[in-house]
Amino acid sequence: MKKAYNLLILTSILLNGAWSQEVDDLKTYGFINIATDSLDVPFFVDGFYVGNHPLKGPIPVLPGFHEVSYIPPDIQDETIKKTLTEGIKRIYVAENDTLDVFLFYDHYLTQVESLHQELQIQNYVGFSLFATLLFVMFRIF
């Protein structure tokens, strides 16, 4: 009986120590609580998908600067980032702090897609003009 009691106490101490270690580890993180004005919007933190709105809880991150958005990283471009300031937020999260971030979604994602298409068309036109210029230059000389 005494062995079982000692084993129970030892197990309790080990589990309590492991739990307190996890709590201490969480104190070195910051948290981001993301919200938006529409349902089922995908969220990205530093280009990584973290879930759809509404999220179940805050997202743990390392302290420092982070980028929060609903714009997929494969269509993010500097032009788009400068134009859609309400869809991409650059934030600083302090250690053991929770930062609330609200992103306005309403019609911005359609703007992102149209801006992305415009940028691709501009690239194609620019490349075509450059190729035409080179062709004309080589034909003259």
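Summed over the stretch 61-91, residues that are more than 12 Å from the chain's Cα centre (by Cα), modelled with pLDDT of 80 or more and of a type outside the set (Gly, Ala, Ser) total 2. One residue stands out in the stretch 34-58 among those that are within 16 Å of PHE104 (Cβ to Cβ) and either of a type in the set (S, T, N, Q) or touching a Gly at 6+ places or on another chain (Cβ under 7 Å) (or both): the one that is surrounded by the fewest Cβ atoms within 10 Å (Cβ to Cβ), namely SER38.
Residues of the stretch 102-116 include none that is among the acidic types (Asp, Glu), in a loop (DSSP other than H, G, I, E, B), modelled with pLDDT under 90 and within 18 Å of the chain's Cα centre (by Cα).
Considering only the stretch 54-77, I want to know if a residue exists there that is of a type in the set (D, E, K, R) and in a strand (DSSP E or B). Yes, that holds for at least one residue.
The values are calculated or read from the model by the stated rules, or taken from the named source; none is laboratory data. Being a predicted model, the structure only gives us computed values, none of them experimental. Cβ: placed from backbone, ideal geometry, glycine included. Neighbour counts: every protein chain shown.
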